[in-house]
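Right, one structure below, let's go through it.
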Amino acid sequence: PIYSLLARISFFGIALIALLSLTGVYAARKIVRPIDELYKGVEHFEQGDFGYRLSIRTNDEIEKLAEEFNRMAGILQETYSNLQDRTKELETSEERYKDLIENSPEMIHSVNADRFFLNVNKTELDTVRYTLDEMRRMRIEDIAPEEFKETMREHIALAMEKGISTIESQFITKDGRRIDVEITATAFYDPVSGEFVRTRAFVRDITERKKLEGAIRESEEKYKNLFDN
(Lines give C-alpha, C1' and ligand atoms only; values in the text may rest on other atoms or scores of the structure.)
Protein backbone atom coordinates (compact mmCIF):
# COMPACT_ATOMS: atom_id res chain seq x y z
CA PRO A 1 0.00 0.00 0.00
CA ILE A 2 2.80 2.42 0.82
CA TYR A 3 4.57 1.81 -2.53
CA SER A 4 1.25 2.14 -4.29
CA LEU A 5 0.59 5.43 -2.52
CA LEU A 6 4.06 6.70 -3.40
CA ALA A 7 3.53 5.69 -7.03
CA ARG A 8 0.24 7.58 -7.17
CA ILE A 9 1.78 10.64 -5.52
CA SER A 10 4.72 10.51 -7.94
CA PHE A 11 2.39 10.15 -10.91
CA PHE A 12 0.21 13.05 -9.84
CA GLY A 13 3.33 15.08 -9.00
CA ILE A 14 4.82 14.50 -12.43
CA ALA A 15 1.48 15.26 -14.06
CA LEU A 16 1.18 18.46 -12.01
CA ILE A 17 4.72 19.52 -12.91
CA ALA A 18 4.02 18.83 -16.60
CA LEU A 19 0.77 20.78 -16.42
CA LEU A 20 2.43 23.70 -14.68
CA SER A 21 5.26 23.62 -17.23
CA LEU A 22 2.85 23.69 -20.15
CA THR A 23 0.87 26.47 -18.47
CA GLY A 24 4.12 28.40 -17.90
CA VAL A 25 5.22 27.96 -21.52
CA TYR A 26 1.81 29.08 -22.77
CA ALA A 27 1.77 32.09 -20.46
CA ALA A 28 5.35 32.98 -21.38
CA ARG A 29 4.59 32.79 -25.09
CA LYS A 30 1.48 34.87 -24.60
CA ILE A 31 3.54 37.56 -22.88
CA VAL A 32 6.86 37.27 -24.73
CA ARG A 33 5.50 37.25 -28.28
CA PRO A 34 3.66 40.58 -27.92
CA ILE A 35 6.75 42.05 -26.27
CA ASP A 36 8.88 40.79 -29.17
CA GLU A 37 6.40 42.39 -31.55
CA LEU A 38 6.66 45.67 -29.64
CA TYR A 39 10.44 45.47 -29.82
CA LYS A 40 10.26 44.95 -33.61
CA GLY A 41 8.04 48.00 -33.86
CA VAL A 42 10.62 50.07 -31.98
CA GLU A 43 13.34 48.81 -34.34
CA HIS A 44 11.28 49.92 -37.35
CA PHE A 45 10.86 53.32 -35.72
CA GLU A 46 14.61 53.61 -35.20
CA GLN A 47 15.09 52.93 -38.92
CA GLY A 48 12.58 55.66 -39.84
CA ASP A 49 9.86 53.24 -40.94
CA PHE A 50 6.84 55.02 -39.48
CA GLY A 51 4.46 53.04 -41.70
CA TYR A 52 4.96 49.85 -39.65
CA ARG A 53 1.95 48.77 -37.59
CA LEU A 54 1.61 46.23 -34.77
CA SER A 55 -0.93 43.41 -34.92
CA ILE A 56 -1.45 42.14 -31.37
CA ARG A 57 -4.68 40.57 -30.14
CA THR A 58 -4.34 39.65 -26.47
CA ASN A 59 -7.43 41.37 -25.04
CA ASP A 60 -5.36 42.88 -22.25
CA GLU A 61 -3.12 45.86 -21.46
CA ILE A 62 -0.54 44.76 -24.06
CA GLU A 63 -3.13 45.03 -26.84
CA LYS A 64 -4.04 48.51 -25.57
CA LEU A 65 -0.36 49.40 -25.60
CA ALA A 66 -0.09 48.17 -29.20
CA GLU A 67 -3.09 50.27 -30.21
CA GLU A 68 -1.51 53.32 -28.60
CA PHE A 69 1.75 52.47 -30.38
CA ASN A 70 -0.04 52.35 -33.74
CA ARG A 71 -1.80 55.64 -33.01
CA MET A 72 1.51 57.29 -32.16
CA ALA A 73 3.05 55.81 -35.31
CA GLY A 74 0.30 57.38 -37.40
CA ILE A 75 0.89 60.79 -35.83
CA LEU A 76 4.64 60.50 -36.35
CA GLN A 77 4.18 59.40 -39.96
CA GLU A 78 1.96 62.40 -40.70
CA THR A 79 4.35 64.76 -38.89
CA TYR A 80 7.35 63.33 -40.70
CA SER A 81 5.59 63.65 -44.06
CA ASN A 82 4.73 67.28 -43.32
CA LEU A 83 8.32 67.89 -42.22
CA GLN A 84 9.65 66.44 -45.47
CA ASP A 85 7.32 68.68 -47.48
CA ARG A 86 8.39 71.69 -45.44
CA THR A 87 12.05 70.79 -45.88
CA LYS A 88 11.61 70.62 -49.66
CA GLU A 89 9.92 74.02 -49.62
CA LEU A 90 12.76 75.47 -47.56
CA GLU A 91 15.37 73.96 -49.88
CA THR A 92 13.60 75.45 -52.89
CA SER A 93 13.31 78.82 -51.15
CA GLU A 94 16.97 78.68 -50.14
CA GLU A 95 18.04 77.96 -53.70
CA ARG A 96 15.99 80.90 -54.98
CA TYR A 97 17.42 83.17 -52.29
CA LYS A 98 20.96 81.99 -53.03
CA ASP A 99 20.47 82.56 -56.76
CA LEU A 100 19.09 86.04 -56.06
CA ILE A 101 22.09 86.95 -53.88
CA GLU A 102 24.72 85.38 -56.11
CA ASN A 103 23.45 87.07 -59.27
CA SER A 104 22.50 90.40 -57.75
CA PRO A 105 23.71 93.40 -59.79
CA GLU A 106 25.27 94.74 -56.59
CA MET A 107 28.21 93.28 -54.71
CA ILE A 108 27.21 91.66 -51.42
CA HIS A 109 29.41 90.37 -48.61
CA SER A 110 29.49 89.74 -44.88
CA VAL A 111 32.38 89.99 -42.40
CA ASN A 112 32.75 88.86 -38.79
CA ALA A 113 33.86 90.80 -35.71
CA ASP A 114 37.52 90.36 -36.71
CA ARG A 115 36.66 91.84 -40.15
CA PHE A 116 37.36 88.57 -42.01
CA PHE A 117 35.11 87.88 -44.98
CA LEU A 118 32.53 85.14 -44.33
CA ASN A 119 30.53 85.17 -47.55
CA VAL A 120 30.96 87.03 -50.82
CA ASN A 121 28.54 86.85 -53.73
CA LYS A 122 29.52 86.01 -57.30
CA THR A 123 29.16 89.61 -58.46
CA GLU A 124 31.77 90.82 -55.99
CA LEU A 125 34.09 87.90 -56.68
CA ASP A 126 33.93 88.63 -60.41
CA THR A 127 34.66 92.29 -59.73
CA VAL A 128 37.65 91.94 -57.39
CA ARG A 129 38.94 88.82 -59.20
CA TYR A 130 39.58 86.84 -56.00
CA THR A 131 38.18 83.39 -55.21
CA LEU A 132 35.91 82.83 -52.22
CA ASP A 133 38.61 80.80 -50.44
CA GLU A 134 41.11 83.62 -50.94
CA MET A 135 38.72 86.24 -49.59
CA ARG A 136 37.84 84.17 -46.55
CA ARG A 137 41.50 84.41 -45.56
CA MET A 138 41.43 88.20 -45.90
CA ARG A 139 40.12 91.10 -43.83
CA ILE A 140 38.04 93.79 -45.49
CA GLU A 141 40.87 96.32 -45.23
CA ASP A 142 43.19 93.92 -47.09
CA ILE A 143 41.49 94.82 -50.39
CA ALA A 144 41.56 98.57 -49.68
CA PRO A 145 44.34 101.05 -50.54
CA GLU A 146 46.57 102.10 -47.66
CA GLU A 147 44.83 105.45 -47.24
CA PHE A 148 41.45 103.71 -46.80
CA LYS A 149 42.44 100.87 -44.42
CA GLU A 150 41.69 102.77 -41.22
CA THR A 151 38.41 103.98 -42.70
CA MET A 152 37.43 100.36 -43.31
CA ARG A 153 38.24 99.38 -39.73
CA GLU A 154 36.22 102.29 -38.37
CA HIS A 155 33.38 101.37 -40.73
CA ILE A 156 33.03 97.86 -39.26
CA ALA A 157 33.39 99.15 -35.69
CA LEU A 158 30.58 101.65 -36.30
CA ALA A 159 28.34 98.98 -37.82
CA MET A 160 28.92 96.75 -34.79
CA GLU A 161 28.14 99.60 -32.38
CA LYS A 162 25.31 101.43 -34.13
CA GLY A 163 23.91 98.63 -36.28
CA ILE A 164 24.53 100.38 -39.59
CA SER A 165 27.33 102.22 -41.37
CA THR A 166 27.70 103.71 -44.86
CA ILE A 167 31.02 104.86 -46.34
CA GLU A 168 32.67 105.65 -49.64
CA SER A 169 35.97 103.86 -50.11
CA GLN A 170 38.02 101.98 -52.67
CA PHE A 171 38.79 98.34 -53.44
CA ILE A 172 41.97 97.13 -55.10
CA THR A 173 41.32 94.16 -57.36
CA LYS A 174 43.65 91.20 -57.63
CA ASP A 175 45.05 92.63 -60.87
CA GLY A 176 45.75 96.02 -59.24
CA ARG A 177 42.81 98.10 -60.46
CA ARG A 178 41.18 100.62 -58.13
CA ILE A 179 37.41 100.67 -57.83
CA ASP A 180 35.45 103.39 -56.09
CA VAL A 181 32.74 101.82 -53.92
CA GLU A 182 29.92 102.82 -51.62
CA ILE A 183 29.40 100.30 -48.80
CA THR A 184 26.27 100.09 -46.64
CA ALA A 185 26.68 97.53 -43.86
CA THR A 186 24.08 96.46 -41.30
CA ALA A 187 24.81 94.35 -38.25
CA PHE A 188 23.30 90.97 -37.42
CA TYR A 189 23.15 90.15 -33.70
CA ASP A 190 22.55 86.81 -31.99
CA PRO A 191 18.83 86.77 -31.05
CA VAL A 192 19.57 85.06 -27.72
CA SER A 193 22.79 86.63 -26.44
CA GLY A 194 22.49 89.90 -28.35
CA GLU A 195 26.15 89.66 -29.36
CA PHE A 196 27.37 90.80 -32.76
CA VAL A 197 27.66 87.95 -35.29
CA ARG A 198 28.41 89.50 -38.69
CA THR A 199 27.69 92.37 -41.03
CA ARG A 200 25.51 92.24 -44.10
CA ALA A 201 26.83 94.70 -46.67
CA PHE A 202 25.72 95.94 -50.08
CA VAL A 203 28.57 97.35 -52.15
CA ARG A 204 27.91 99.64 -55.11
CA ASP A 205 30.52 100.34 -57.77
CA ILE A 206 30.58 104.15 -58.06
CA THR A 207 33.72 104.44 -60.19
CA GLU A 208 31.88 105.95 -63.14
CA ARG A 209 29.98 108.31 -60.85
CA LYS A 210 33.26 109.48 -59.31
CA LYS A 211 34.73 110.08 -62.76
CA LEU A 212 31.64 112.07 -63.74
CA GLU A 213 31.79 114.10 -60.52
CA GLY A 214 35.47 114.78 -61.13
CA ALA A 215 34.75 115.91 -64.69
CA ILE A 216 31.96 118.17 -63.45
CA ARG A 217 34.20 119.71 -60.80
CA GLU A 218 36.92 120.26 -63.40
CA SER A 219 34.42 121.92 -65.73
CA GLU A 220 33.13 124.09 -62.91
CA GLU A 221 36.68 125.20 -62.12
CA LYS A 222 37.33 126.04 -65.76
CA TYR A 223 34.13 128.06 -66.05
CA LYS A 224 34.81 129.77 -62.73
CA ASN A 225 38.33 130.73 -63.82
CA LEU A 226 36.95 131.92 -67.15
CA PHE A 227 34.31 134.02 -65.38
CA ASP A 228 36.75 135.44 -62.81
CA ASN A 229 39.22 136.42 -65.48
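Below is a table of values for the structure above.
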item: Arg57, sole failed condition from (1) open to solvent by less than 70 Å² (accessible area, probe 1.4 Å); (2) not in a helix (DSSP H, G or I); (3) not hydrophobic (A, V, I, L, M, F, W, C); result: (1)
item: For Ser104: the one exception among (1) touching a helix residue (DSSP H, G or I) at 6+ places or on another chain (Cβ under 8 Å); (2) open to solvent by less than 60 Å² (accessible area, probe 1.4 Å); (3) of a type outside the set (A, V, I, L, M, F, W, C); (4) modelled with pLDDT of 95 or more; result: (4)
item: Entirely in the stretch 84-173, the strands (runs of 3 or more DSSP E) that have 2 or more residues that are in contact (Cβ under 8 Å) with a residue 60 or more places away in the chain; result: 107-111
item: Flag if Arg198 is assigned to a strand (DSSP E or B), of a type outside the set (Val, Ile, Thr), under 21 Å from Glu106 (Cα atoms) and open to solvent by less than 80 Å² (accessible area, probe 1.4 Å); result: yes
item: Qualifying residue in the stretch 84-94 (condition: surrounded by 10 or more Cβ atoms within 10 Å (Cβ to Cβ), closer than 30 Å to Val128 by Cα and among the small types (Gly, Ala, Ser)); result: yes
item: Answer residue from the stretch 158-170, given it is closer than 15 Å to Val197 by Cβ and among the small types (Gly, Ala, Ser) and is most open to solvent (accessible area, probe 1.4 Å) among those; result: Gly163
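For (1) within 24 Å of Lys211 (Cβ to Cβ); (2) at pLDDT below 95; (3) open to solvent by 30 Å² or more (accessible area, probe 1.4 Å), each residue gets a yes or a no:
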site: Arg137; (1), (2), (3): no, no, yes
site: Asp142; (1), (2), (3): no, no, yes
site: Lys149; (1), (2), (3): yes, no, yes
site: Asp190; (1), (2), (3): no, yes, yes
site: Ser193; (1), (2), (3): no, yes, yes
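The values are calculated or read from the model by the stated rules, or taken from the named source; none is laboratory data. This is a predicted model, so every value here is computed, not measured. Virtual Cβ from ideal backbone geometry, glycine too; neighbours counted across all protein chains shown. SASA here: full protein model, heavy atoms, side chains in, ligands and nucleic acids out. Shrake-Rupley method; radii C 1.70, N 1.55, O 1.52, S 1.80 Å.
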